[in-house]
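Student: The structure's right below; bear with me while I get my questions together.
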Amino acid sequence: RRPGAGTYSARRCVPWAECTGSGRATVRAIAAELGRSPSTVSREIPRDRHPENGQYRPHAAQARADARRPRAKRGKTGQNPELRAAIQAGLDELWSPEQICHALRRQFPDRPEMHVVHETVYQALYLQGRGDLRRELAGALRSGRARRKPQRQANCRLPRFTEPMVMISDRPAEAEDRAVPGHWEGDLIIGKDNGSAIGTLVERATRYVMLLHLPDGRGAEAVRDALQETVQKLPTHLKRSLTRDQGSEMAAHRSFTIATDVPVYFCDPASPWQRGSNENTNGLLRQYFPKGTNLSVHTREHLDAAAAQLNGRPRKTLGWETPAERLHKLLAA
């Protein structure tokens, strides 16, 4: 059959190359029709043609290629019974694969054949058809999984929210140097067993604090409504931006921006220093709302009183002025 009549690999299609002996087609013509490089065809023909008569036949060429293919060898655990027994003994003691591997290095410092990395143990446990370690030993792992849970690579992660995020790298430069007021940082402080929360807002230039009352939980809609209610009380020149982490409570960030005209910028993952003022303020607020306590018992009035006391505290970073005094100057101006 001529190539192109079906789906062929390069080797399956090259049989037509035997026609080159009679001058019917050149290597370049064959390669162009197969969609391969000419060098691929030119290497394939002499490598897999018949050693005696020089003819190229597809099935014989495939058989010769299969014979040359290296066979997968057994892993290190399969070749070394002593190593396999040591790993099994560690799993029987409910050790993790990483603990087992480090223990082997300490126990046999001068025997490299007894050293493995924990990935070797995981592969021996989870991969089908290995037979190096009994599959039932997967039950000895702390996770208890019979199948391995795939980990998503960073470039394969799904978007955090339905609406696209605007990252902190796109935030105006005026917010970075704190010269212009009206840029806020926000977060949540979480109560006992993740069952309650209080929202926090800190103005970057003055360190002024406002607290969000969340009696209905910390879902996306509840946080959005509390943010809108609080931000709407501010004058226009103090509503320039809000910087948040990528917590699930900000899933409704787009509707918040539409309602308040305040753009939301998101920090990079695991980068709390990008909201330094907010993180510092959350630590100060723990004096009023200790960790491990139920935060839902605090009323709106209690939150306002705690924020007022904190805003009346002199701050070294403000030249010993209070956040309330700084904000009053801005409002008066």
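Student: Quick check on my filter: what residues within region 283-323 are in contact with a Phe, Trp or Tyr (Cβ under 7 Å, 6 or more places away or on another chain) and of a type in the set (Gly, Ala, Ser)?
Tutor: 306
Student: Output the number of residues of region 202-211 satisfying the condition of being within 21 Å of residue 290 (Cβ to Cβ) and crowded, with 22+ Cβ neighbours inside 10 Å. Reasoning before the result, please.
Tutor: Looking only at region 202-211, we keep the residues that are within 21 Å of residue 290 (Cβ to Cβ), and these are 202, 209-211.
Filter again for crowded, with 22+ Cβ neighbours inside 10 Å, leaving 202, 209, 211.
Selection size over region 202-211: 3.
Student: Working only within region 162-176, note down all residues that are in contact (Cβ under 8 Å) with a residue 40 or more places away in the chain and not in a helix (DSSP H, G or I).
Tutor: The answer is 162, 163, 165, 166, 167, 171, 172.
Student: Taking into account only those residues within region 62-94 that are out of contact with any Pro (no Cβ under 9 Å at 6 or more places or on another chain), touching a residue at least 40 places away in the same chain (Cβ under 8 Å) and closer than 21 Å to residue 111 by Cα, which is surrounded by the fewest Cβ atoms within 10 Å (Cβ to Cβ)?
Tutor: Only one residue fits best here, namely 74.
Conditions (1) within 24 Å of residue 235 (Cα to Cα); (2) modelled with pLDDT of 95 or more, marked per residue:
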residue	(1), (2)
287	no, no
292	no, no
303	yes, yes
313	yes, no
320	no, no
328	yes, no
333	yes, no
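The values are calculated or read from the model by the stated rules, or taken from the named source; none is laboratory data. Computed from a prediction, not measured in an experiment: that's the story for all the values here. Positions of Cβ are generated from backbone atoms using ideal geometry, with glycine treated the same way; all protein chains shown enter the neighbour counts.
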